[in-house]
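Asker: Structure in structure tokens, see below.
The values are calculated or read from the model by the stated rules, or taken from the named source; none is laboratory data. Please read all numbers here as calculations on a predicted model, not as lab measurements. No Cβ is skipped: glycine too gets one built from the backbone with ideal geometry, and neighbour counts run over all protein chains shown.
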Amino acid sequence: MSESSIFPAPLSFAARATVDSSRLRQMKDDALHHSEQFWLEQAGRIEWASFPTIASSSSFEGEVPINWFADGRLNASVACLDRHLAERGEQVALIWQGQDEGQVERLTYRALHERVCRMANVLRGLGVGRGDRVAIHLPMVVEGVVAMLACARMGAVHVVLFGGFSAEGLADRLVNSGAVVVLTADEGRRGGKRIPLKPTMDEALDRATGHAVRHVLVLAVTGIETSMQAGRDLALAPLLAAASPECAPAVMEAEAPLFVLYTSGSTGKPKGMVHTTGGYMVWAAYTHALVFDHRPGDVFWCTADISWITGHTYVVYGPLANGGTVVLFEGLPSHPAPGQWWQVIDTHKVTTFYTAPTAIRALMREGDDVVARHSLSSLRLLGSVGEPISADAWLWFHEAVGRGRCPVVDTWWQTETGGILIAPVPAAVPQKPGSATLPLPGVDCVLLDEKGRVVAGEGEGCLCIARSWPGQARTIWGDHARFRQTYFSFHEGYYFSGDGARRDADGYYWITGRIDDVINVSGHRIGTAEVEDVIATDHRFAECAAVGVPHDLKGQGLVVFVVPRGGPDGGLAQEAAQVISRGIGRYAAPERVYIVPDLPKTRSGKIVRRLLRKIACNELDALGDLSTLADATIVERLIMDVARQG
Ligand code: PRX
């Protein structure tokens, strides 16, 4: 695909779009030259109890104070629900499609409001107060969304935990967040498999020394019997049934935390990114409206799990703040048979479909005839997020799924950014397959070279942001020093994304991937340090190094080199893989583990991961300069070991 391939929005789409190129130009200009006024206008997209009079007085220097709409007061659940009751109380807010065809639940805004109030009252009844953390560990069921909004309603801070985390992974996050109540389920369904949630949570709580959890609320999803600890564990259904369907919302400061969400970085344990209420909600509504060209009547389906930032912003807060209808799907793309997702699109007349390149690649492999069997005529816009999308996957999405009629928005953003930063506003910015295109109005992207110098015009560098935007995370839970160090120390005054990017002659951004030690496996962020730390806690292993290698379906795969303490031994590779799954979660299971006698190091003792990556990829002709190694003979041994272990 040449960079000159360019796809303007089809006329049928552009004719009805809300933001055209002249409007976009105006917005960019206003955001740049009249920023206070521009952002206060954007704040009007959501409902406030007391409208802010100031936009921001943030700085990326010194203590990195970030604040938006600081004198405003609001409640995020009111902005998502109550606000719509008068005008569209009977409109469907949420369509839940269960794994089996007949399992469908449609909740109007009024019904969702009632469910949220009941849940908020249950939490209040358990003594949960403003600012308390509530952990949500649920599969893709209505209660997951309800629980998030219920926390928001009563001013509690939700901490959504992925169902795929191991007990150890959960334990760390429970202790770090200080959660006082946990919501979990007996089991989750994943195709033909059952994911034990409550038993994993029990194990996590046993391990979590110093946790603050007083109660575990258990939702019956499959109805299997689960052990309940007297005094601590409570069945959720009877409490919800007995709770009042009305609940006065807590009026929160704009800068009150709305949620903490953990993500992996290049060092240490996962960090709890703190997102606050006003700025995040404005960003969710603004980006959802702009990038997805939201209109009344849209049925928006974002396939992300609610435990990831994409699920937070584009399953829950963005579309609901804008009064949309969202689809929440419990199942997998190809269960019970290929084509399941296309079926969901046709059944629920989805207009806007937002998914990840890893899924697109898997669906592409099923062959064009699977997708061609479905009408997909309701679709008008497609979106991609989470990893770079290759031009061929982009084109397939555009042609085979969108039938050439739907713009494809490739959206670049991160857990830390709260919402989309770079993406085409579909009717105004022609798309180039593989490029996230241009920053949204108000997003000041800069490329810096390794010395921190600004790259002007065409060029490549580290993607940084020069000015605060409302949706950005304010801090790392309990560790502001780490926040400053991780994101603002690369070059003072700039937010450092950790991604590399290239800017072409049209100013379009092409994300090249992480430039730090973070890898992206099927859209899951994994820190190589996280993997190495888990292995290091096991006495059988002396040392290890984790690297990411290209993978056809997953984008990247994890390859781990392990040095055993007591010399090579038969089953050690498998055991190392299990240690990783147990310590982090199944999603981090490595592609390959190599047991090796030693690791390549520089004279100062640093592991040379670049070399390991090349060996793992079998790129033996391009090993580069080996003269910096403390012991260059190790390389040959490594190559032989890797070839032998296959
Ligand atoms: O490397 C970038 C990649 O995903 C990282 C963020 O991961 P996470 O915080 O889990 O959030 C994922 C959903 C927003 C980024 O640093 N990434 C995300 N979107 C894109 C992308 N890489 C290329 N193109 C994208 N559109």
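Asker: Only one of these is within 16 Å of the ligand (Cβ to nearest atom) and either more than 20 Å from the chain's Cα centre (by Cα) or part of a loop (DSSP other than H, G, I, E, B) (or both): VAL350, VAL425, VAL344. Name it. Step through it out loud before you land on a result.
Answerer: Details: VAL350 fails: within 16 Å of the ligand (Cβ to nearest atom); VAL344 fails: within 16 Å of the ligand (Cβ to nearest atom).
Being within 16 Å of the ligand (Cβ to nearest atom) and either more than 20 Å from the chain's Cα centre (by Cα) or part of a loop (DSSP other than H, G, I, E, B) (or both) holds for just one of VAL350, VAL425, VAL344, which is VAL425.
Asker: Select, from HIS275, HIS335, the only residue that is touching a residue at least 12 places away in the same chain (Cβ under 8 Å), farther than 26 Å from GLY498 by Cβ and in contact with a Gly (Cβ under 6 Å, 6 or more places away or on another chain). It would help to see each step written out before you state the result.
Answerer: Working: HIS275 fails: farther than 26 Å from GLY498 by Cβ.
Going through HIS275, HIS335 in turn, just one is touching a residue at least 12 places away in the same chain (Cβ under 8 Å), farther than 26 Å from GLY498 by Cβ and in contact with a Gly (Cβ under 6 Å, 6 or more places away or on another chain): HIS335.
Asker: Within the set of pairs 6 or more residues apart or between chains, which connect a residue that is assigned by the TED database to the domain that holds ALA135 and within 23 Å of GLY129 (Cα to Cα) inside the range 146-172 to a residue that is assigned to a helix (DSSP H, G or I) and among the acidic types (Asp, Glu) with Cβ atoms less than 9 Å apart?
Answerer: LEU170/GLU203; ALA171/GLU203; ALA171/ASP206
Asker: Right, another one. Quickly run through the range 94-110 and pick out the residues that are out of contact with any Gly (no Cβ under 8 Å at 6 or more places or on another chain) and either buried (at least 18 other Cβ atoms within 10 Å of the Cβ) or in a loop (DSSP other than H, G, I, E, B) (or both).
Answerer: Passing the criteria: LEU94, ILE95, TRP96, ASP100, GLU101, GLY102, GLN103, LEU107.
Asker: Still on this structure, I have one more. Against the definition (under 30 Å from CYS406 (Cα atoms), in contact (Cβ under 8 Å) with a residue 60 or more places away in the chain and surrounded by fewer than 20 Cβ atoms within 10 Å (Cβ to Cβ)), how does ARG73 come out, yes or no?
Answerer: no
Asker: When you go through (1) farther than 29 Å from GLY500 by Cβ; (2) within 11 Å of the ligand (Cβ to nearest atom) one by one for GLY367, which number turns out not to apply?
Answerer: (2)
Asker: Which ones in the range 505-516 are within 15 Å of the ligand (Cβ to nearest atom), in a loop (DSSP other than H, G, I, E, B) and either of a type in the set (Phe, Trp, Tyr) or surrounded by fewer than 19 Cβ atoms within 10 Å (Cβ to Cβ) (or both)? First the steps, then the outcome.
Answerer: At the first step, the residues of the range 505-516 found to be within 15 Å of the ligand (Cβ to nearest atom) are 508-516.
From the residues that got through so far, the ones that are in a loop (DSSP other than H, G, I, E, B) too are 508, 515-516.
TYR508, ILE515, listed by residue number.
Asker: Within 30 Å of PHE13 (Cα to Cα), touching a Phe, Trp or Tyr at 6+ places or on another chain (Cβ under 6 Å) and either outside the structural domain of ALA356 (by the TED database) or more than 15 Å from the ligand (Cβ to nearest atom) (or both), is that true of PRO470?
Answerer: Numbers: within 30 Å of PHE13 (Cα to Cα): yes; touching a Phe, Trp or Tyr at 6+ places or on another chain (Cβ under 6 Å): yes; either outside the structural domain of ALA356 (by the TED database) or more than 15 Å from the ligand (Cβ to nearest atom) (or both): yes.
Judged against the criteria, PRO470 is a match.
Asker: If you go through the range 496-509 one residue at a time, do you hit one that is touching a Cys at 6+ places or on another chain (Cβ under 7 Å), touching a residue at least 60 places away in the same chain (Cβ under 8 Å) and on the phi < 0 side of the Ramachandran plot? Even if it seems obvious, please write down each step before you answer.
Answerer: Of the range 496-509, the ones touching a Cys at 6+ places or on another chain (Cβ under 7 Å) are 496-497, 500, 509.
Within this subset, residues satisfying the condition of being touching a residue at least 60 places away in the same chain (Cβ under 8 Å) are 497, 509.
The next check asks that each one be on the phi < 0 side of the Ramachandran plot; those that pass are 497, 509.
Yes - at least one qualifying residue is present in the range 496-509.
Asker: Within the range 379-398, take every residue that is free of Cβ contacts under 8 Å to residues at least 40 places away in the same chain and more than 10 Å from the ligand (Cβ to nearest atom) and give me the one that is farthest from PHE13 (Cα to Cα).
Answerer: Narrowing the range 379-398 to residues free of Cβ contacts under 8 Å to residues at least 40 places away in the same chain: 379, 382, 384, 393, 396-397.
From what is left, the residues that are more than 10 Å from the ligand (Cβ to nearest atom) are 379, 382, 393, 396-397.
Numbers: LEU379: 11, LEU382: 12, ALA393: 22, TRP396: 19, PHE397: 17 Å.
Only one residue tops the list, namely ALA393.
Asker: Among the candidates VAL401, VAL327, single out the residue that is more than 16 Å from the ligand (Cβ to nearest atom), under 28 Å from GLN556 (Cα atoms) and β-branched (Val, Ile, Thr). Outline the logic, then answer.
Answerer: On the way: VAL327 fails: under 28 Å from GLN556 (Cα atoms).
None of the others qualify; the one that does is VAL401.
Residue by residue, here is whether (1) of a type outside the set (S, T, N, Q); (2) modelled with pLDDT under 95; (3) part of a loop (DSSP other than H, G, I, E, B) holds:
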residue	(1), (2), (3)
ALA212	yes, no, yes
VAL218	yes, no, no
MET228	yes, no, yes
GLY231	yes, no, yes
LEU234	yes, no, no
GLU246	yes, no, yes
SER266	no, yes, yes
HIS275	yes, no, no
ALA284	yes, no, no
